[in-house]
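Take a look at the structure below.
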Amino acid sequence: TTHNYVNLKYYRNVDYFLPATRDQEEYLQAAGVPRERMEVMPHFTSVTPVPGVPAPGDTARVAALGRFVPKKGFDVLLKALALVRGSIPGVSLVLGGDGPERTSLENMARSLGLAGCIAFAGWQNDVTAFLEDADVCVIPSLDEPFGIVVLEAMARGVPVVATTTPGPREILDESCAWLVAPGDAEGLAAALSVALSSPDERLRRATAALERFKRRYAPDVVMQGIVQALKRLAVPLVTMTGNPRST
């Protein structure tokens with residue numbers, strides 16, 4: 001199963017691929033893997049979904065989570081947050097994660113005057129607790145081949161603002177999230193402002209995202225697809241070897 005756009009020289013002996021998105025499937029096909037040797041199979045998360053989306057409060061708490069590396073776009077998020085403060089003075093951001101960009105992000109937050117409204121929470125082992133008080137979850141990635149955090153926010157009923165990178169744009173659409181172009185701080189700020197100032201719309205889109213998660217990305221749904229794929233693969237192996245135990 002693939003999460004990214006793999007270098008096929010390391011996969012020469014692989015008979016069958018389970019790319020996580022249609023975009024990864026097209027990449028594999030362009031690299032020479034026949035379509036009959038692959039099947040799109042999304043990833044899943046073990047985060048327990050909420051029974052229903054809670055009613056929005058009157059806060060404006062934004063959460064983002066990931067490795068502090070350039071492709072995650074957290075610098076773009078900080079620039080967007082500085083713009084949002086003009087229309088939503090009470091906005092705050094909790095940024096979970098760590099990595100080589102941490103110092104530069106902390107310096108940027110200070111230079112943008114965000115020290116009082118942003119918290120660097122460090123690496124998070126409990127995503128459920130991290131998202132508990134969030135009004136919006138932002139995925140500002142410049143490059144996101146899938147995005148497990150998207151599923152985690154959907155499962156917990158947290159409205160999502162994400163970039164139109166390959167993973168999020170396949171998982172989400174405008175019926176259940178706000179989507180903006182990667183690297184566009186002004187566009188991200190506009191989407192955040194709309195989301196934070198529209199509690200009824202946040203509730204509607206988060207509810208739609210939760211239902212989509214349950215239909216397509218819940219562990220039992222994805223596992224069932226994986227089991228069926230393995231069963232289909234087992235048939236030619238049994239036929240070829242005459243020994244079911246070889247599967």
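The values are calculated or read from the model by the stated rules, or taken from the named source; none is laboratory data. Only a predicted model underlies this, so the values are computations on that prediction, with no experimental measurement involved. Here Cβ is always computed from backbone atoms with ideal geometry, including for glycine, and neighbour counts include all displayed protein chains. Side chains are part of the model used for accessible areas, which takes the heavy atoms of the whole protein and leaves out ligands, DNA and RNA. Shrake-Rupley method; radii C 1.70, N 1.55, O 1.52, S 1.80 Å.
Any residue at all in the range 106-120 that's touching a residue at least 60 places away in the same chain (Cβ under 8 Å) and open to solvent by 20 Å² or more (accessible area, probe 1.4 Å)?
No, the conditions are met nowhere in the range 106-120.
Residue check: is Tyr11 crowded, with 18+ Cβ neighbours inside 10 Å, more than 28 Å from Glu201 (Cβ to Cβ) and hydroxyl-bearing (Ser, Thr, Tyr)?
no
Given Leu28, Leu77, which one is part of a helix (DSSP H, G or I), open to solvent by less than 70 Å² (accessible area, probe 1.4 Å) and within 16 Å of Phe120 (Cα to Cα)?
Only one candidate qualifies: Leu77.
Are any of the residues in the range 85-104 within 28 Å of Tyr27 (Cα to Cα), buried (at least 16 other Cβ atoms within 10 Å of the Cβ) and either at pLDDT 95 or above or touching a Pro at 6+ places or on another chain (Cβ under 7 Å) (or both)?
no
Could you figure out which of (1) at pLDDT 95 or above; (2) over 20 Å from the mean Cα position of the chain (by Cα); (3) among the aliphatic types (A, V, I, L, M); (4) open to solvent by less than 50 Å² (accessible area, probe 1.4 Å) isn't true of Val69?
(2) is the only condition that Val69 fails.
Restricted to the range 154-170, and to residues that are farther than 13 Å from Ala206 by Cα and part of a helix (DSSP H, G or I), which residue is most open to solvent (accessible area, probe 1.4 Å)?
Result: Arg169.
Taking the stated definitions as given, is Thr128 of a type in the set (S, T, N, Q), open to solvent by 30 Å² or more (accessible area, probe 1.4 Å) and more than 17 Å from the chain's Cα centre (by Cα)?
Here the answer is no, as Thr128 does not meet what is asked.
Answer yes or no as to whether Glu144 is in contact with a Ser or Thr (Cβ under 6 Å, 6 or more places away or on another chain), modelled with pLDDT of 95 or more and more than 20 Å from Gly90 (Cα to Cα).
yes
Assess whether Val53 counts as being in contact with a helix residue (DSSP H, G or I) (Cβ under 6 Å, 6 or more places away or on another chain) and at pLDDT 95 or above.
Yes, satisfied.
Going residue by residue through the range 175-197, is there one that turns out to be assigned to a loop (DSSP other than H, G, I, E, B), under 21 Å from Val221 (Cα atoms) and modelled with pLDDT of 95 or more?
Yes, the range 175-197 contains a residue that is assigned to a loop (DSSP other than H, G, I, E, B), under 21 Å from Val221 (Cα atoms) and modelled with pLDDT of 95 or more.
Among the numbered criteria (1) surrounded by fewer than 13 Cβ atoms within 10 Å (Cβ to Cβ); (2) at pLDDT below 95, which one does Asp200 miss?
That leaves (2) as the condition not met.
Taking the range 198-212, which residues are in a helix (DSSP H, G or I) and either more than 17 Å from the chain's Cα centre (by Cα) or touching a residue at least 60 places away in the same chain (Cβ under 8 Å) (or both)?
Pro199, Asp200, Glu201, Arg202, Leu203, Arg204, Ala206, Thr207, Leu210
Just wondering, is there one or more residues in the range 46-64 that are of a type in the set (Lys, Arg) and under 13 Å from Leu105 (Cα atoms)?
No.
Inspect the range 32-47 for any residue being of a type in the set (Val, Ile, Thr) and more than 24 Å from Val127 (Cα to Cα) and give the result as yes or no.
yes
Mind counting the residues in the range 27-64 that are more than 25 Å from Trp178 (Cα to Cα), free of Cβ contacts under 8 Å to residues at least 60 places away in the same chain and not aromatic (Phe, Trp, Tyr)?
11
Can you pull out the residues in the range 33-53 that are in a loop (DSSP other than H, G, I, E, B) and open to solvent by 60 Å² or more (accessible area, probe 1.4 Å)?
Of everything in the range 33-53, those that are in a loop (DSSP other than H, G, I, E, B) and open to solvent by 60 Å² or more (accessible area, probe 1.4 Å) turn out to be Phe44, Ser46, Thr48, Pro51.
How many residues, within the range 121-143, are touching a residue at least 60 places away in the same chain (Cβ under 8 Å) and part of a loop (DSSP other than H, G, I, E, B)?
Going through the range 121-143 one residue at a time, the tally reaches 7.
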